[in-house]
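Only one structure is covered here, and it is reproduced in the block below.
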Amino acid sequence: MSVKYIPVQWNPNKWIYDGIMLAGVAAFLWVFIHVTPEILSHERPINSQVHNARAFGACAFLMLSIILAIGPLAKLDTRFMPLLYNRRHFGVMTAFVATAHAGYILNWYFAFSFVPKWDALILSNTNYGQLLGFPFEALGAFALVILLILAATSHDFWLKFLTAPVWKRLHYLIYLAYVSVVAHISLGILQDQQSLFLPVFFIVTAFLVALLHVWAYLAERKTGDPLASAEGDWMRVCQADEIDEGRARIALLPDGKRVAVFKHEGKLSAISNACAHQNGPLGEGRIIDCLVTCPWHGFQYRVTDGQSPAPFTEKIPTYNLRVQDGAVLVDPKANPPGTHVDPVEVA
Amino acid sequence: MADNKDKPFFVGYLTAPDGLRSFLIGIGIGLILLMAGVGLGIGATQDDPGNGAFRGDYGRQTVTGVMELTPYPVVRVTQGSEHVPEGHTLMLSAGGKQSLMSRVRDLDGQLVTVSGTILDRGELDMMQVRGGQNGISRAEGDAPEMDSEDLGRWRIAGEICDGKCLAGAMRPGTGIAHKACANLCLIGDIPPVFVSTQPVEGSEFLLVVGPDGTIFPKSAYDLVAAYISVEGKVVRHGDLLVFHLEPDTAELVQ
């Protein structure tokens, strides 16, 4: 949370996160670039530019796969939630690594010609009508453009400027980038492979990423937030005694939005389930220091009016609520963000 | 959606709860080991790019012979050097992805001296000729008559590459991943070479030209780097076979 924009709001966890990420990237590149040439028993070595391009390209693919695995892993097991916390830095680093891969390719395969490099990239192979020999470089370039757009718009300034729903939709382009990268590899280097390691690693990794998403989707469908049932003009969420102190129950309202009903100091309050920051699921958070705390990035709100404590300015909608015969009923019409609603005593 | 009732709750700007710390340390170490392991696995199992190379260790080679434009320039060597024997037919290129054609246009059938760096890959070789007069000049004397022998029509299977990368300018210099680079070389009129899966008259490598003895047709660029079967006339120029490829007869081979 911040009252002003600064490049990075560093804290110890972000330092540790980025340190581990950079150590992983450095380990990958160091082993690939400096250790494996000694292991390979080729009569003549692979050109260093090609070797480096492969190192950065493979690293970018692995990083992108890890990034995409974090979301479903966090849905399936909340212990993975901390990996979500600073995932944007992972994404920005991936864009840098992918750019290095593209740089090596552009300055090697598309250099040394009277045709300018960028023209050569576009024009040297135009065999778009056939899978074998398809200009797979275009798929990689397309994915890189997406990664660079996502990296450039990863800062909270863009999140606020574009609004969370638009920003999130924009950042779903990561899936298009991944599909493009998978096609880039499938139609490119995989076509020439005799060694089995890369094809097996690539297929297993891409399959695991897809499997995790399907698994998380099915689990969400099975244990997802229940639809609130109508009680006249109000919607029934749950029984009041089903809500633990400091926790919430989430229900889906007829307009498709979710409400989170929290119990704090024995009283119930209802707020929007969507965090103003990145639409994180507030109802899966906890009340810490009397404030609802988002599980994704720790944004906090007062449970009675949906406002972040001063000096922060984030606001979310609240809902009117009553308890009738032990059932928690919510008015499905949301109050404007920041509207105070008196908490309701549990009878 | 996950049942997190009893699980520790992580807040990014607070110290990680005790119950989560060891899990996160394990994930962190595991991530670094995973990345190092994958780097090792992929890096150490790369395919052999072949033994083609610029032979800087040979030193500069200077030979004399008869220039032939097939239309790609080749020299029928009459006076060899340490690493280029007399009687050999040597393909030529300029630096980078550039042809020598503009410099040899008026030298067809003439006795010339060429000097440069050799690239070789087994039976295949090529000279990257130096710039200016130091690279190519008319030689004293009359050029001897050079024969060529029509070996008839053939259907052969294999891959069209650019001769320079194949000979060792790039390692690897073949395959689909190299296709755009090969096309770019051919745009620069670097001699294309057909790598046949079965030797043709004892030769695995054939210089490729268009069906009427023209440069490699642009319509055939989509065939480059793919495994194909194709027909055409084969003509022997000394110890080099020239394949007059007919793109219309090409078939992709699975």
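The values are calculated or read from the model by the stated rules, or taken from the named source; none is laboratory data. Since the structure is predicted, the reported quantities are computational estimates derived from the model, not experimental observations. Neighbour counts run over all protein chains shown; Cβ positions are idealised from the backbone, glycine included. Keep in mind that these areas ignore ligands, DNA and RNA; they rest on the heavy atoms of the full protein, side chains included. Shrake-Rupley method; radii C 1.70, N 1.55, O 1.52, S 1.80 Å.
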Considering only the stretch A:60-82, how many residues are facing chain B (nearest Cβ under 7 Å) and either of a type outside the set (A, V, I, L, M) or under 22 Å from A:Trp15 (Cβ atoms) (or both)? 6
Is it true that some residue in the stretch B:82-96 is of a type in the set (Ser, Thr, Tyr), more than 14 Å from chain A (Cβ to nearest Cβ) and within 27 Å of the chain's Cα centre (by Cα)? yes
For A:Phe28: the one exception among (1) more than 8 Å from chain B (Cβ to nearest Cβ); (2) part of a helix (DSSP H, G or I): (1)
Give just the number: which of (1) under 24 Å from the mean Cα position of the chain (by Cα); (2) touching a residue at least 60 places away in the same chain (Cβ under 8 Å) does B:Thr78 not satisfy? (1)
When (1) open to solvent by 40 Å² or more (accessible area, probe 1.4 Å); (2) assigned to a helix (DSSP H, G or I) are applied to A:Gly91, the one that fails is (1)
Please identify the pairs in which a residue from the stretch B:152-175 that is over 16 Å from B:Gly122 (Cβ atoms) has its Cβ atom under 8 Å from the Cβ atom of a residue that is of a type in the set (Lys, Arg) and surrounded by fewer than 22 Cβ atoms within 10 Å (Cβ to Cβ), counting only partners at least 6 apart or on another chain. B:Gly152/B:Lys233; B:Arg153/B:Lys233; B:Trp154/B:Lys233
Taking A:Tyr17 and the conditions (1) open to solvent by 60 Å² or more (accessible area, probe 1.4 Å); (2) assigned to a helix (DSSP H, G or I); (3) more than 8 Å from chain B (Cβ to nearest Cβ), which numbered condition does it fall short on, given that it satisfies the others? (1)
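Hey, can you tell me all the residues within the stretch A:118-144 that are part of a helix (DSSP H, G or I) and open to solvent by 80 Å² or more (accessible area, probe 1.4 Å)? Spell out how you get there, then give the answer.
Taking the stretch A:118-144 first, the residues part of a helix (DSSP H, G or I) are A:118-123, A:136-144.
A:Trp118, A:Ile122, A:Leu123, A:Phe142 - these are the residues of the stretch A:118-144 that are part of a helix (DSSP H, G or I) and open to solvent by 80 Å² or more (accessible area, probe 1.4 Å).
Identify the residue in the stretch A:309-320 that is in contact (Cβ under 8 Å) with a residue 60 or more places away in the chain and away from chain B (no Cβ under 14 Å) and, among all such residues, is nearest to A:Val259 (Cα to Cα). Can you show your working first?
From the stretch A:309-320, those in contact (Cβ under 8 Å) with a residue 60 or more places away in the chain are A:311-314, A:319; that's our starting set.
In the following step, the residues that additionally are away from chain B (no Cβ under 14 Å) were identified as A:311, A:313-314, A:319.
Values: A:Pro311: 25, A:Thr313: 21, A:Glu314: 17, A:Tyr319: 8 Å.
Checked the stretch A:309-320; the qualifying residue nearest to A:Val259 (Cα to Cα) is A:Tyr319.
Out of the residues in the stretch A:145-163 meeting the condition of being more than 16 Å from A:Met93 (Cβ to Cβ) and under 15 Å from the mean Cα position of the chain (by Cα), tell me which one is most open to solvent (accessible area, probe 1.4 Å). Spell out the reasoning first.
If we filter the stretch A:145-163 for residues that are more than 16 Å from A:Met93 (Cβ to Cβ), which is where we start, we get A:145, A:156-163.
This time we only want the ones that are under 15 Å from the mean Cα position of the chain (by Cα), so: A:156, A:159.
Working: A:Asp156: 34, A:Leu159: 7 Å².
Within the stretch A:145-163, the match that is most open to solvent (accessible area, probe 1.4 Å) is A:Asp156.
Every residue, every condition in (1) in a strand (DSSP E or B); (2) in contact with a Pro (Cβ under 9 Å, 6 or more places away or on another chain), yes or no:
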| site | (1), (2) |
| --- | --- |
| A:Ala230 | yes, yes |
| A:Asp241 | no, no |
| A:Glu245 | no, no |
| A:Ile250 | yes, yes |
| A:Pro254 | no, yes |
| A:Val261 | yes, no |
| A:Leu268 | yes, yes |
Quick one: count up the residues across the stretch A:184-235 that are crowded, with 18+ Cβ neighbours inside 10 Å and small (Gly, Ala, Ser). 5
